[in-house]
Every structure is written in structure tokens, then in C-alpha cells.
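Before any comments, here is the structure.
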Amino acid sequence: MTSIRSVNFGGGQQSMAQLVLAKRGVIDFRTFMFAHVGADSENPDTLTYFEEYAKPYAYEHGIEMVEIRRVMVRTGETRTLYDEITRPGSRAQKIPVKLSNGKPGSRACTHDYKIEPIGRELKRRGATQANPATIAMGISLDEMHRANEAKAQPYERLVYPLLELGLRRSDCVRIIQDEGLPVPPSSSCWFCPNHSPEAWHNLRRTRPDLFERSCRLEELMNARLAEREKPPVFFTRFNRPLREAIPDGVDLLPMFDEDDTDCDSGMCFT
């Protein structure tokens, strides 16, 4: 039986570079799987790029681009991450909030909205422990510490084409530009607590509507925790509400933040 070969497509720069490399025959992958967490959850700019550039490019060059969503087994309902957190009576936390004691909280968004839905599709296509799928992750040389083959699911084998080719994120940008394509934005949920302070400031400055909704989501989660006499959680490491932690009209110098990541790098898959 032929093993499945697929790329976990996050929608950002490294994923798009792999799509270009697949078109050029540099990497041997003709199937890309995009775990769609919901139009109300994903960065709107990522979804726009996906619809206007990534999907048409894949179709034009005979590459299969599969959109996968979370479907509840018992009801058949398609669910989004934002809806699951905000629906009335929900206790779902899901996302990687910061706890009041300064420690990172656990998260289930990666498993529930990426690993499990893609895994279900891989198994539907015949992936098994005896015949695992080969899955390419978009991790580049400058973040190779995030590569971890040991975290593969039983039905898959993880590979890292960008690492094998010695490519950095800047190389990915060049590959995309050389193909005559615009460079996609970083991919992530707009309310992800793994945003760096700089990213939060940028969101407040450029998309105040999404920043306000992020603040309200943090407030909703904490109101529900307070009802259960639980301590609050936060969307930054500063141990105070997002509105206060990211003041209006203040620009930050670029800074490195180990916690800051996006779905494109593979962090949300591993």
C-alpha cells in the first residue's frame, strides 16, 4: 500500500514556501492539509490570503489542498474554536492562557482543532500504525528547536523539508517573492495568548476591532472563572488584563519572545 504524503499547511510563510517548493518538484508532496479553526477564529488576513492566493495556486499546479474542520462525532456539527469558548454555559478554556501564578496554562486547541481533525482525515485515507502517513512540518532552520519527531501520532511520521534544505524563514520569504506571489502574514488565531507584546500592540494599532474582541474574550473567561471562585487568567505574561497590559498609543521596540509563535511554524501541530 502506498503511504500517504501530506504537508500540514498553516497558511503562513513557511507553509507557502513549501507549496512553491512542491510545485517546483523540490519536495515530493502533492497533498496539503489546512486545519481551518473557523472564520471567526483565524487571522482574517490569513484566510484572505488562503482564498485569494494559496488555494488558486495549488489548483493551478495540480496540488491537492484539503480544508479540514472540526466536526463533532455525535452530532455532525462543525465547530469553531471561538464559538466553543464563547457559547453560553461553556467552561472551555482551550487556548494557552497565562495563569495568575505566572505559569502557562494547558491548552487543547492544537489537539482538538488541528491534530485530531487532520488525523481523522489521514486515517480515513488509510493511514495506520503499520502504514503511517509521512507528514511535512513547516519548521525552518531558525526555529529547529521546535522540531520533535517523537511527538508524531501513531499513524504518522514527521519530516521537516525546510530543515533538510537548510532554509530559514527569510529564505521562505525569498522563495515566495521569486515566484511572483505576495508574502502571507503570520498565521494564528487573532486572540491567541501566545502573541508577543509587540504583536498585541500591532493588533491594537492596526485591528482595534479584533483587539477589543480579544479583551472581551479574556473578560468573559474571567467572569466565568469568578462565578466558580477560580483565579483569573490572562492573555499576556504581565499578570494583568489585556487592556492594561497593552496600553493604547504606546509603541514597543521589536523584541524576541520565546512564547510567541504561529500556526505556520508547526508549533500548533507538535
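The values are calculated or read from the model by the stated rules, or taken from the named source; none is laboratory data. Quick caveat: nothing in here was measured; it's all calculated off a predicted structure. Note: ideal-geometry Cβ built from the backbone for every residue, glycine included; neighbour counts use all protein chains shown.
Points to keep in mind about this one:
- Residue match in the range 70-89 (condition: in contact with a Cys (Cβ under 9 Å, 6 or more places away or on another chain) and among the hydroxyl-bearing types (Ser, Thr, Tyr)): yes
- Filtered residue count, the range 111-168, keeping only those that are outside any loop (DSSP other than H, G, I, E, B), hydroxyl-bearing (Ser, Thr, Tyr) and surrounded by 20 or more Cβ atoms within 10 Å (Cβ to Cβ): 1
- For VAL97, the conditions (1) free of Cβ contacts under 8 Å to residues at least 60 places away in the same chain; (2) within 28 Å of VAL233 (Cβ to Cβ); (3) of a type in the set (A, V, I, L, M) are fulfilled apart from (1).
- Single condition TYR155 does not satisfy, out of (1) without any contact (Cβ under 8 Å) to a residue 12 or more places away in the chain; (2) farther than 17 Å from GLY11 by Cα: (1)
- Scanning the range 225-252 for residues that are touching a helix residue (DSSP H, G or I) at 6+ places or on another chain (Cβ under 8 Å) and among the aliphatic types (A, V, I, L, M), we see that the one that is modelled with the lowest pLDDT is LEU252.
- Count - residues of the range 44-86 that are out of contact with any strand residue (DSSP E or B) (no Cβ under 6 Å at 6 or more places or on another chain), outside any helix (DSSP H, G or I) and modelled with pLDDT of 95 or more: 4
- Subset of the range 187-246 that is surrounded by 16 or more Cβ atoms within 10 Å (Cβ to Cβ) and of a type in the set (Val, Ile, Thr) - its residue that is nearest to the chain's Cα centre (by Cα): THR236
- Scanning the range 169-186 for residues that are of a type in the set (Gly, Ala, Ser), within 20 Å of the chain's Cα centre (by Cα) and assigned to a loop (DSSP other than H, G, I, E, B) yields one hit, SER186.
- Within the range 1-29, considering residues that are free of Cβ contacts under 8 Å to residues at least 40 places away in the same chain and closer than 17 Å to ARG157 by Cβ, the one surrounded by the fewest Cβ atoms within 10 Å (Cβ to Cβ): THR2
- The set of residues in the range 150-168 being within 21 Å of ALA17 (Cα to Cα) and not basic (Lys, Arg) consists of LEU158, VAL159, TYR160, PRO161, LEU162, LEU163, GLU164, LEU165, GLY166, LEU167.
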